[in-house]
1. If the reach is capped at under 18 angstrom between alpha carbons, list the lysines near LYS215, excluding any in the same chain fewer than eight residues apart.
2. Do me a favour and compute the ellipsoid semi-axes for segment 117-163 from its Cα gyration tensor, root of five times each eigenvalue, largest one first, whole Å.
Amino acid sequence: SSATAIRGFFYQIINWMSLQNFMWIMEYSYLLDLADECEDPHMRMVYASTWAVSVYYGLQRTWKPFNPILGETHEMVNHGGITFLAEQVCHHPPIGAAHAENEHFTYDLTSKLKTKLPGNSVDIYHVGRTRVTLKKAGVVLDLVPPPTKANNLIFGRTWVDSAGDMIMTNMTTGEKVVLYFQPCGWFGAGRYEVDGYVYNAEKEPKILMTGKWNKSVSYQPCDMKGEPLPGTKLKEVHRPKRDILCTHWK
């Protein structure tokens with residue numbers, strides 16, 4: 001029936017963070033390695049938050065994922081020395097858990113979603129928890145991603161957009177990054193654009209960040225008003241490249 005088809009497609013969208021999609025989270029994990037090696041606390045947040053932005057490049061696919069059975073696991077092993085494990089821990093509501101680790105960091109995710117269905121779209125709110133521990137730096141980072149919206153759920157070509165604030169907080173020393181994901185406007189205006197600041201523990205802006213998550217992210221030191229410091233230039237910190245990860249299932 002049409003109602004059954006709609007329910008099936010709805011589950012397809014909200015289950016975008018399925019087990020095989022989890023692996024793309026680590027595609028640019030070298031940025032977390034750089035964050036761990038960095039001695040400057042504000043640049044550390046630049047690298048770590050850029051990694052969080054890079055995840056969206058890998059997760060922009062909207063094809064239907066495999067529907068994992070309860071307790072199924074997915075393990076990823078690549079040549080960068082990362083051990084990665086994801087598991088489906090609940091079906092109703094769909095909840096997944098993931099853990100990754102190498103010599104520089106540990107990553108822990110509980111993926112839990114809250115949804116609203118206002119007509120021909122679905123609003124997806126991430127109410128799980130994401131934590132990254134940088135081993136050498138000795139800090140713990142908490143990540144809150146922006147909401148996600150799947151458009152044309154029933155009619156038209158389905159496309160996914162994320163709009164709102166991404167917040168990464170250093171729970172150990174107090175620095176914070178707030179990046180605003182621009183919503184997609186008419187004819188695609190503003191889509192992919194990300195802008196924001198790295199703040200010190202006193203909530204003062206120290207570094208501005210800007211870019212498009214599907215192309216590149218750059219940074220520049222700024223003053224107390226968020227304006228670029230004289231004599232400084234905008235520097236690119238990351239540009240995505242499609243890499244093939246070596247994976248296997250268990």
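Taken together, the values in this text are just the output of simple stated rules run on the coordinates, not laboratory data. Because the structure is predicted, anything quoted here is derived from the model rather than measured.
1. The qualifying lysines are LYS235, LYS241.
2. Details: eigenvalues 230, 18, 7 Å².
One finds semi-axes of 34, 10, 6 Å for segment 117-163.
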